[in-house]
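Heads up: the structure comes next, in C-alpha cells.
The values are calculated or read from the model by the stated rules, or taken from the named source; none is laboratory data. Here the structure is a predicted model, which is why all the values come from computation and not from measurement. Glycine gets a Cβ as well: all are built from the backbone with ideal geometry, and neighbour counts include every protein chain shown.
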Amino acid sequence: MDKHLQKPKILKVETVARSRLFNVESVDLEFSNGVRRVYERMRPSDREAVMIVPVIG
C-alpha cells in the first residue's frame with residue numbers, strides 16, 4: 001500500500017474520563033512518516049447518543 005494511504009498505527013488507548021453518555025479516550029497514534037501524536041476522542045457509553053457541539057468563531 002502507498003505510504004501516504006496507510007492508516008496510523010494505534011499504540012495505546014486509555015479511558016481518561018467517563019460520564020453517563022460517553023467516555024473520553026486518549027489515543028496514542030504513530031503515522032507512516034514516524035510522527036507520533038496523542039488525540040482524544042469521545043465514544044458513546046452503553047447507550048447510543050448524539051452530541052451537538054457548537055463551533056463559535
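Before moving on, here are some points about what is shown:
- Where strands (runs of 3 or more DSSP E) fall wholly inside the chain, the ranges with 1 or more residues that are among the basic types (Lys, Arg) are 9-18, 36-44.
- Within region 1-27, if we keep just the residues that are acidic (Asp, Glu) and within 28 Å of Ile52 (Cβ to Cβ), the residue that is nearest to the chain's Cα centre (by Cα) turns out to be Glu25.
- First in region 33-57 and more than 20 Å from Val13 (Cα to Cα), second anywhere and surrounded by fewer than 10 Cβ atoms within 10 Å (Cβ to Cβ), Cβ under 8 Å, 6 or more apart: Asn33/Lys3
- Sub-8 Å Cβ pairs linking a first residue in region 14-28 that is surrounded by 14 or more Cβ atoms within 10 Å (Cβ to Cβ) to a second residue that is of a type in the set (Lys, Arg) and at pLDDT 95 or above, at least 6 apart or interchain, are Ser26/Lys12; Val27/Lys12; Asp28/Lys12; Asp28/Arg36; Asp28/Arg37, ordered by first then second residue.
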